[in-house]
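Here's the structure, in structure tokens; my notes come after.
No lab work stands behind these numbers, since they all come straight from the coordinates. Model, not experiment: these values are computed from the prediction. Ideal geometry is used to build each Cβ from the backbone, glycine not excepted, and the neighbour counts take in all protein chains shown.
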Amino acid sequence: MGRVALVTGGSRGIGAAISKALQDMGCAVAATYAGNDEKAAAFTAETGIKTYKWDVGNYEACQAGVAQVEADLGPVDILVNNAGITRDAPFHKMTPQQWHECIDTNLNGVFNMTHNVWGGMRERKFGRIVTISSINGQKGQFAQANYAATKAGDIGFTKSLAQEGARAGITVNIVAPGYINTEMMSTIPEKVMNEVILPQIPVGRLGEAEEIARAVCFLAADDAGFVTGSTISANGGQYMA
């Protein structure tokens, strides 16, 4: 394919699966990470995908990071906004810090990253932007007012930006996963998994990170140019929007 892809939070979990899938598709891939140097180094050793460390919530860091990636690999054709955090708490216990940390990474981070590749994509008349939202941005979730707000905001951002990018050959889309079999899910007690979570999912299982990656690869492909402003809900039928 010969495209340059940049995946935020791209060295672990869903992000790692996306990075690998884009590499398999023929892209030169750069993956960002926020803090775990050891796991990032192990990911690079395993895949050959270069990792870059910066905070997507910091505009200047994103600006410098994108410039470094483009100096190393070439202009970014595909941006996958995958980096995200949770700071769960019932709203009456939620602190301003928990609110702002979620907003800074999950929503401001999408602006920061997209804004720093948008001009180049417009000039080249090609771009693919895929943002990883969540089922909880579509339906809400107890104790996740902050997280759900950011993921719903990502969807609104995407629908608006898709209209601006359409005539410039830039597509802007969302993949909204449900419960995915990642490290985070492995901490859930078996009883809760079997009696609370799985019964909510019509297909009767968790999704796999590779399934999300395949949806991203479809949207990132050159021949997906007629799909923009869309949300692919990959949740096993748990929520149909």
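Report, in degrees rounded to the nearest 10, the 0 to 90 angle that the Cα long axis of helix 209-220 makes with the longest principal axis of the chain. It works out to around 40 degrees. Highest GNM mean-square fluctuation among 80, 69, 172, for the chain modelled with Cα contacts below 10 Å: 69. Couplings 3J(HN,Hα) for the stretch 25-33, derived from phi with the Karplus relation 6.51 cos²θ - 1.76 cosθ + 1.60 (θ = phi - 60°), are 7, x, 7, 7, 10, 10, 10, 9, 8 Hz, where x marks Gly and Pro. A simple rule links phi to the HN-Hα coupling: the Karplus curve 6.51 cos²θ - 1.76 cosθ + 1.60 with θ = phi - 60°, which for the stretch 191-207 gives 4, 5, 4, 6, 9, 10, 7, 4, x, 7, 9, x, 6, x, 7, 6, x Hz, with x for Gly and Pro.
Residues whose amide H comes within less than 5 Å of that of residue 207, counting only those at least five positions distant or on another chain, are 179, 180, 181 (H built at 1.01 Å from N in the peptide plane). When the square roots of the Cα gyration tensor eigenvalues are ordered a ≥ b ≥ c, the ratio a/c for the chain is under 1.5, which makes its shape rounded.
Helix-only arithmetic for the chain: the sum of -39500 (n - 2.57) across DSSP H runs with n ≥ 4, divided by the residue total, places the mean residue ellipticity at 222 nm at -13000 deg cm²/dmol. For the stretch 75-136, applying the loop criterion from DSSP together with a ceiling of 14 other beta carbons within 10 Å to the trypsin sites (Lys or Arg not before Pro) yields 125. Let me have the relative contact order for the chain, percent, based on Cα pairs under 8 Å that are six or more residues apart. Relative contact order, the chain: 19 percent. Sequentially through the stretch 36-53, phi angles give Karplus couplings (6.51, -1.76, 1.60; θ = phi - 60°) of 8, 4, 5, 5, 5, 5, 5, 5, 5, 5, 6, 10, x, 7, 6, 10, 10, 9 Hz, Gly and Pro residues having no value and appearing as x.
Near residue 134, once Lys and Arg are set to +1 and Asp and Glu to -1 for all other residues with Cβ below 12 Å from its Cβ, the sum equals +1. Close amide H pairs (under 5 Å, H built 1.01 Å from N) link residue 34 with no residue at least 5 positions away or on another chain.
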